[in-house]
Amino acid sequence: MLVLFETSVGYAIFKVLNEKKLQEVDSLWKEFETPEKANKIVKLKHFEKFQDTAEALAAFTALMEGKINKQLKKVLKKIVKEAHEPLAVADAKLGGVIKEKLNLSCIHSPVVNELMRGIRSQMDGLIPGVEPREMAAMCLGLAHSLSRYRLKFSADKVDTMIVQAISLLDDLDKELNNYIMRCREWYGWHFPELGKIISDNLTYCKCLQKVGDRKNYASATLSEFLSEEVEAEVKAAAEISMGTEVSEEDICNILHLCTQVIEISEYRTQLYEYLQNRMMAIAPNVTVMVGELVGARLIAHAGSLLNLAKHAASTVQILGAEKALFRALKSRRDTPKYGLIYHASLVGQTSPKHKGKISRMLAAKTVLAIRYDAFGEDSSSAMGVENRAKLEARLRILEDRGIRKISGTGKALAKAEKYEHKSEVKTYDPSGDSTLPTCSKKRKIEEVDKEDEITEKKAKKAKIKIKAEVEEEEVEEEAAAEEEEEEVEEEPSVKKKKKKDKKKHIKEEPLSEEEPCTSTAVLSPEKKKKKKKKKEAED
């Protein structure tokens, strides 16, 4: 019996010397304890070595798919057919293919599996001419090649480059902003008016690099960077500028900074183009859905395209807003509706009330695109274009929902009423701006004198009224006193008792809070008069 044994170095065909020992399956492993014992059971008949890793990969991928490689076909036809012996194989599927194609009898059983295990354990001693180092290197190379093949790996689909490129792009933006701010502030001491006239940073640096000192603007031509009107305005401002004079050394340093800004901005545009190309190569559908920058930031945030493909749509939706999410969960408030995906063009187009819905739908479609790009064999962006068209249609429906009304038939559009906004417009009152008096001092004094006269008149009238009331009260008191005198003369004893009862009653009842203070002042002189009259009557 012959045995077909596949290694990472090549195909090996062994001849079984003692088939009787194969019957004892449980004790077969003892025959392969040492290389000497193993050589007594099996002997190498033929070894077909692979030339390189690519050939080994092609052979093993064919074996995994249940196919026979050309090299293996030649070996089997040359050796096994001539021997006219059955062939033991490790894979039953492969045995069936060999039997169909080459008409060879193949054996696959538990005994064959144990035999293969024994040969694998003593492979170095059974296959001469192959060093252990070479075997280990071939094993490692073939393992990597197989894993790449199984994952449909391509050198063009390296998402690490995207992660590094987007990180560098963000760093360049920060550095450019710092450099430009420093350049504007520095040159602003010499020519401050230029910063207000030229708003574009790159144009500002290019003009500064070409001209340098403020005095050179009159003779310089800036038509390359500026329009005629702006150029004339710059030249006019240079003649009447309020800036300070600076030395040539200062101008040289400022110009060197300008060259740095121009170089960095040029490199940034080049890097952006590179990022666009890499994104279209690695994740074309994601690029169509959310754009290059947002797609690259999502991949960088997840770590790789494969890691991003493992995330759910709800996770992709809030990716980048983790702090806000955990803060909301802690304080039991509303969780965020979007993270990095907020910067996608589809979310930016929508009105604020529909942003949450569109971000949720966009996240769902983006996850499909990510998985298609990560695991799919096709590198076209057809799926992304189709899904984006669906989202745009859905967005139009959401935006038009407020305008459309259901008519009687349910199909025709009802006429929308013209919207007229009616609100009270408040005008600005400029009277409060000035702190100067609206009228002259003399007029003010006259007005104050008039007010004083009016108040004095009112006070005099009040005093006259009070005097009249007091006189009326005195007349009433005198009349009451006369009546009391007559009663005292007639019944003095009854009067005394009544007075005592009245005094007790007054002491028991507290004075009410509602009683005005003027009444007490009026009663006190009455009592004095009564006492005097009583004393006179008693005498």
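The values are calculated or read from the model by the stated rules, or taken from the named source; none is laboratory data. Just so it is clear, the structure is predicted and the values come from calculations on it, not from any experiment. Positions of Cβ are generated from backbone atoms using ideal geometry, with glycine treated the same way; all protein chains shown enter the neighbour counts. Keep in mind that these areas ignore ligands, DNA and RNA; they rest on the heavy atoms of the full protein, side chains included. Shrake-Rupley method; radii C 1.70, N 1.55, O 1.52, S 1.80 Å.
Which of the residues belonging to region 92-110 are touching a His at 6+ places or on another chain (Cβ under 9 Å) and outside any helix (DSSP H, G or I)?
Passing the criteria: none in range.
Starting from residues that are crowded, with 18+ Cβ neighbours inside 10 Å and over 60 Å from the mean Cα position of the chain (by Cα), keep the ones in region 100-114 and report whichever is farthest from A38 (Cα to Cα).
Ranking the qualifying residues of region 100-114, first place goes to L104.
So, in region 77-91, how many residues would count as being open to solvent by less than 90 Å² (accessible area, probe 1.4 Å) and more than 16 Å from F5 (Cβ to Cβ)?
So the answer is 1.
Check G243 against each of (1) surrounded by 15 or more Cβ atoms within 10 Å (Cβ to Cβ); (2) outside any helix (DSSP H, G or I); (3) in contact with an Asp or Glu (Cβ under 7 Å, 6 or more places away or on another chain); (4) of a type in the set (G, A, S) and name the one condition it does not meet.
In the conditions (1) surrounded by 15 or more Cβ atoms within 10 Å (Cβ to Cβ); (2) outside any helix (DSSP H, G or I); (3) in contact with an Asp or Glu (Cβ under 7 Å, 6 or more places away or on another chain); (4) of a type in the set (G, A, S), G243 misses (3) alone.
Take region 246-284 and flag every residue that is of a type in the set (S, T, Y), open to solvent by less than 60 Å² (accessible area, probe 1.4 Å) and within 37 Å of the chain's Cα centre (by Cα).
Of everything in region 246-284, those that are of a type in the set (S, T, Y), open to solvent by less than 60 Å² (accessible area, probe 1.4 Å) and within 37 Å of the chain's Cα centre (by Cα) turn out to be T259, S265.
I want to confirm something. Restricting to region 128-182 and keeping residues that are surrounded by 12 or more Cβ atoms within 10 Å (Cβ to Cβ) and in a loop (DSSP other than H, G, I, E, B), which single residue is modelled with the highest pLDDT?
D159
Just the residues that are open to solvent by less than 50 Å² (accessible area, probe 1.4 Å) and not polar (S, T, N, Q), please, taken from region 7-30.
V9, G10, Y11, A12, I13, F14, V16, L22, V25, L28
If you take the residues in region 261-297 that are hydroxyl-bearing (S, T, Y) and either in contact with a Leu (Cβ under 9 Å, 6 or more places away or on another chain) or in a loop (DSSP other than H, G, I, E, B) (or both), which one is nearest to Y338 (Cα to Cα)?
Once the filter is applied, the top-ranked residue is Y272.
Do you know which of the residues in region 303-312 that are of a type in the set (A, V, I, L, M, F, W, C) and open to solvent by less than 40 Å² (accessible area, probe 1.4 Å) is farthest from E377 (Cα to Cα)?
The qualifying residue farthest from E377 (Cα to Cα) is L308.
Taking the stated definitions as given, is A364 open to solvent by less than 40 Å² (accessible area, probe 1.4 Å) and in a helix (DSSP H, G or I)?
Taking the combined requirement at face value, the residue does not satisfy it.
Considering only region 334-343, I want to know if a residue exists there that is free of Cβ contacts under 8 Å to residues at least 24 places away in the same chain and hydrophobic (A, V, I, L, M, F, W, C).
no
Could you grab me the full set of residues in region 357-381 that are at pLDDT below 90 and farther than 19 Å from H301 by Cβ?
Across region 357-381, the qualifying residues are F375, G376, E377, D378, S379, S380, S381.
Can you go through T335, T315 and tell me which one is polar (S, T, N, Q) and either in a helix (DSSP H, G or I) or open to solvent by 80 Å² or more (accessible area, probe 1.4 Å) (or both)?
T315
Hey, A58 hits all of (1) of a type outside the set (K, R); (2) part of a helix (DSSP H, G or I); (3) in contact (Cβ under 8 Å) with a residue 24 or more places away in the chain but one; which does it fall short on?
(3)
Can you pull out the residues in region 222-240 that are within 22 Å of V261 (Cβ to Cβ) and open to solvent by 70 Å² or more (accessible area, probe 1.4 Å)?
S223, E224
Counting only residues that are free of Cβ contacts under 8 Å to residues at least 24 places away in the same chain and part of a helix (DSSP H, G or I), which one in region 13-34 is farthest from the chain's Cα centre (by Cα)?
Out of the qualifying residues, it is K20.
Let me confirm something: among K99, K81, which residue is farther than 30 Å from L298 by Cβ and in contact with a strand residue (DSSP E or B) (Cβ under 8 Å, 6 or more places away or on another chain)?
K99
Sort through G348, G356, G384 and tell me the only one that's in a helix (DSSP H, G or I) and closer than 26 Å to S304 by Cβ.
Going through G348, G356, G384 in turn, just one is in a helix (DSSP H, G or I) and closer than 26 Å to S304 by Cβ: G384.
If L194 satisfies every condition in (1) without any contact (Cβ under 8 Å) to a residue 40 or more places away in the chain; (2) over 23 Å from Y267 (Cα atoms) but one, which is the exception?
(1)
Among the residues of region 201-213, are any surrounded by fewer than 19 Cβ atoms within 10 Å (Cβ to Cβ), free of Cβ contacts under 8 Å to residues at least 12 places away in the same chain and part of a helix (DSSP H, G or I)?
no
So is A300 under 30 Å from I370 (Cβ atoms), open to solvent by less than 60 Å² (accessible area, probe 1.4 Å) and within 21 Å of the chain's Cα centre (by Cα) or not?
For A300, the condition - under 30 Å from I370 (Cβ atoms), open to solvent by less than 60 Å² (accessible area, probe 1.4 Å) and within 21 Å of the chain's Cα centre (by Cα) - is met.
Taking K37 and the conditions (1) open to solvent by 80 Å² or more (accessible area, probe 1.4 Å); (2) in contact with a helix residue (DSSP H, G or I) (Cβ under 7 Å, 6 or more places away or on another chain); (3) part of a strand (DSSP E or B), which numbered condition does it fall short on, given that it satisfies the others?
With (1) open to solvent by 80 Å² or more (accessible area, probe 1.4 Å); (2) in contact with a helix residue (DSSP H, G or I) (Cβ under 7 Å, 6 or more places away or on another chain); (3) part of a strand (DSSP E or B) applied to K37, the lone miss is (3).
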